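Read the figures in this text as sums done on the coordinates, not as results from a lab. No experiment lies behind these values; they were computed from the predicted model shown. Cβ coordinates were reconstructed from backbone atoms using ideal geometry, including for glycine residues, and neighbour counts include every protein chain displayed.
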Amino acid sequence: MTSVQTVALTATLLAISNLFMTFAWYGHLKHLQASPWYIAALVSWAVALLEYMFQVPANRMGFAGGMSLAQLKILQEVLTLVIFVPFAVFYMGEGLKWNYLWAALCLVGAVYFIFAA
């Protein structure tokens, strides 16, 4: 597999894992507010297990394919914002905020510096 293919597959798997993790962390705020916290925690842990089924292979594949630990982390942070903003706006009904744009611009800089030779 080429480096571009490795990064693309790693990013895809990390995006899927992040989608699960976003629901594990925040989905209970919308659906389980009337439930005790420990029920929300158990449901979140079950969803987080699905997250780990994508995250662990993604990180192992990316690392074995030549990505550094720092590159994997920055990629995950970028994907976190890419997944979180639509989740917050469309799923949770929060307004789009300017700080999302500023955070995205900071992450663009982080991606540049971490992936620069």
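With label points built 7 Å along Cα→Cβ from the Cα atoms of LYS30 and PHE115, find their separation and express it in nm.
Placing both labels 7 Å along Cα→Cβ, they lie 2.9 nm apart.
Using label points projected 7 Å from each Cα along Cα→Cβ, tell me how many nm separate ARG60 and LEU81, to one decimal.
3.0 nm
Highest mean first, how do 25-36, 62-73 rank when packing is the count of other Cβ atoms within 10 Å averaged over residues?
By packing density, highest mean first, the sequence is 62-73, 25-36.
How big is the Cα convex hull of the chain in projection, averaged over all directions, in nm²?
Reported value for the Cα convex hull: 7.9 nm².
Which of THR10, THR22, THR80 has the fewest other C-beta atoms within 10 Å, and how do the rest follow up to the most?
In order of increasing Cβ crowding within 10 Å: THR80, THR22, THR10.
Counting Lys +1, Arg +1, Asp -1, Glu -1, what net charge surrounds ALA88 among other residues with beta carbon under 14 Å of its beta carbon?
Summing Lys/Arg as +1 and Asp/Glu as -1 gives +1.
So, by mean Cβ neighbours within 10 angstrom, what's the order for 104-110, 50-56, 11-17 with the highest one leading?
11-17, 50-56, 104-110
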